Amino acid sequence: MNKIFQFLKSDIPTNDESSFRRAIIVKSALLVISLFLLFFIFFNFFITHREDIASLNLLSFSIFMLLYIYFNKTQNIKIVARLTTIFLIIFLLLFIYYAHSDHFSLIWTFFLPIYAIFANGKKEGLYFSLLFYLILFAMTFLAIGNWENGEWTSINWIRFSLSSSLILFTVYLNESAYEQYEKKLYLARKNEQKLIQKLSDLSLTDPLTQLYNRRYYDNIIDKMIANAKRENKCIHFFILDIDFFKNYNDYYGHEKGDQALISIARIVKENIQRESDFVFRLGGEEFAGIMISHDKESTQEWIKQLCFKVEDLKLEHKKSHCSEYTTVSIGISSKCVDEVFSAKDLYLEADKALYEAKLQGRNQTKVAS
Ligand code: GH3
Ligand code: MG
Ligand code: MG
């Protein structure tokens, strides 16, 4: 059984569960119908000697086999489901027309609503089934008193019509319930994906400043270096550290310190915001940024502007020894395609440059040489 299922599901794309289910139904129905028809070609020809029905079986067998091949080639479930249903309706009506109700032949019509609804969905399947039953009930009604040597009675017709309608109703109900369940599942999955995305965003951003965190930096730095190399560009990495921030916290309190962190993070974010730029809060009062560009000098100049822009915020800092306002020191490391370097080299160089900026009086930028 497992092997049959493996065979049926081969080549069927599994990204959409609803279409996957329909594709399995269509594919297996085409195979089963073809096999049955193949059997009945011989049965009707050699056993019952009904050449007319055997020919009908042969014609239908060819059509369903062609549909099977077409389906395997195109995977067009909607078209093949519709065509199979239409041919099945035509075949069953012709079959009943020729076979009357002999040898329980009417029993085969019970499968039409099941297939039509499972393969086409409840709405389209219902329309197909109603059309089929409209013709079938009319045909069988007109046959009262004629078929089975006059033994096909109105009671038989009522019994047949009622049981057929009951089957249609049951299958329709089942499919409705299934479609509702599928819709609920789809919504739940969408919600779940949103939550996962939110969780992933949360795990990669710093809650205080909303900048990316250290983990995100670790995740993307190697990719950024590879991108810069592929695009023949330079990569710039800078570390920005607030000057005398411990004094700031001690004097103004932790809450004010947090406000200062948020303001400085905003300045960094506002100025480093091209699509290929990334800014991070590495931890404490230390921020970082990655930029990719063709030109080394102008990008470094741009980063240096951050120093002036932070001071321009005019955040009072009475305990700073380098300015009356809160300031930052920055260390930059820039590497271009022809240089051999790693993420670690980039980090260490920027950190060293920052250390020099601190040593030489703070509130300034140093570029690693
Ligand atoms: P330097 O100019 O050499 O960088 O001196 P500094 O005082 O800024 O450096 P230090 O590393 O000694 O102090 C960093 C301070 O940053 C310590 C702590 O009070 C403060 N800090 C770290 N994280 C936070 C935070 O999340 N909120 C607040 N308010 N303060 C923080
Ligand atoms: Mg500091
Ligand atoms: Mg620090």
Query raised in the report: Consider PHE61 against the criteria (1) over 25 Å from VAL171 (Cα atoms); (2) among the hydrophobic types (A, V, I, L, M, F, W, C); (3) modelled with pLDDT under 95: it satisfies all of them except one. Which criterion is unmet?
Result: (3)
Query raised in the report: When you scan the stretch 195-296 for strands (runs of 3 or more DSSP E) that lie fully inside it, which ones turn up with 3 or more residues that are within 16 Å of ligand 2 (Cβ to nearest atom) and within 22 Å of CYS322 (Cβ to Cβ)?
Result: 234-242, 286-293
Requested in this report: Could you grab me the full set of residues in the stretch 248-258 that are open to solvent by less than 50 Å² (accessible area, probe 1.4 Å) and within 16 Å of ligand 3 (Cβ to nearest atom)?
Outcome: TYR248, ASN249, GLY257, ASP258
Requested in this report: List the number of the failed condition for GLY283; all other conditions in (1) away from ligand 3 (no atom under 15 Å from the Cβ); (2) open to solvent by 20 Å² or more (accessible area, probe 1.4 Å) hold.
Outcome: (1)
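Residue by residue, here is whether (1) open to solvent by 60 Å² or more (accessible area, probe 1.4 Å); (2) at pLDDT 95 or above; (3) closer than 19 Å to VAL171 by Cβ; (4) outside the structural domain of VAL171 (by TED's automatic domain parsing) holds:
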| residue | (1), (2), (3), (4) |
| --- | --- |
| ASN44 | no, no, no, no |
| HIS49 | yes, no, no, no |
| ASP52 | yes, no, no, no |
| ALA81 | no, yes, yes, no |
| THR109 | no, yes, yes, no |
| TYR115 | no, yes, yes, no |
| GLY125 | no, yes, yes, no |
| LEU134 | yes, yes, yes, no |
| LEU142 | yes, yes, no, no |
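Per-residue answers, yes or no, for (1) within 16 Å of ligand 3 (Cβ to nearest atom); (2) touching a Lys or Arg at 6+ places or on another chain (Cβ under 9 Å):
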{"site": "ALA177", "(1), (2)": "no, no"}
{"site": "ASP201", "(1), (2)": "no, no"}
{"site": "LEU211", "(1), (2)": "yes, yes"}
{"site": "TYR216", "(1), (2)": "no, no"}
{"site": "ILE220", "(1), (2)": "no, no"}
{"site": "MET224", "(1), (2)": "no, no"}
{"site": "CYS234", "(1), (2)": "no, yes"}
{"site": "ASP243", "(1), (2)": "yes, yes"}
Query raised in the report: In the stretch 321-369, what residues are open to solvent by 50 Å² or more (accessible area, probe 1.4 Å), among the charged types (D, E, K, R) and either in a helix (DSSP H, G or I) or within 14 Å of ligand 3 (Cβ to nearest atom) (or both)?
Result: LYS344, ASP345, GLU349, ASP351, LYS352, GLU356, ARG362
Report summary line: Taking the stretch 267-288 and the residues there that are away from ligand 1 (no atom under 16 Å from the Cβ) and in contact with a Lys or Arg (Cβ under 7 Å, 6 or more places away or on another chain), the one that is farthest from PHE237 (Cα to Cα) would be ILE267
Report task. Answer with yes or no whether TRP157 is in the same structural domain as ALA99 (by TED's automatic domain parsing), on the phi < 0 side of the Ramachandran plot, surrounded by 11 or more Cβ atoms within 10 Å (Cβ to Cβ) and outside any helix (DSSP H, G or I). Result -> no
Query raised in the report: Are any residues in the stretch 148-206 modelled with pLDDT under 95, more than 30 Å from ALA265 (Cα to Cα) and small (Gly, Ala, Ser), and if so, which ones?
Result: GLY150
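The values are calculated or read from the model by the stated rules, or taken from the named source; none is laboratory data. A quick note: this is a predicted structure, and the numbers were derived from the prediction, not measured. All Cβ positions, glycine included, derive from the backbone under ideal geometry; neighbour counts span all protein chains shown. Remember, those area values only see protein heavy atoms, side chains included, never the ligands or the DNA or RNA. Shrake-Rupley method; radii C 1.70, N 1.55, O 1.52, S 1.80 Å.
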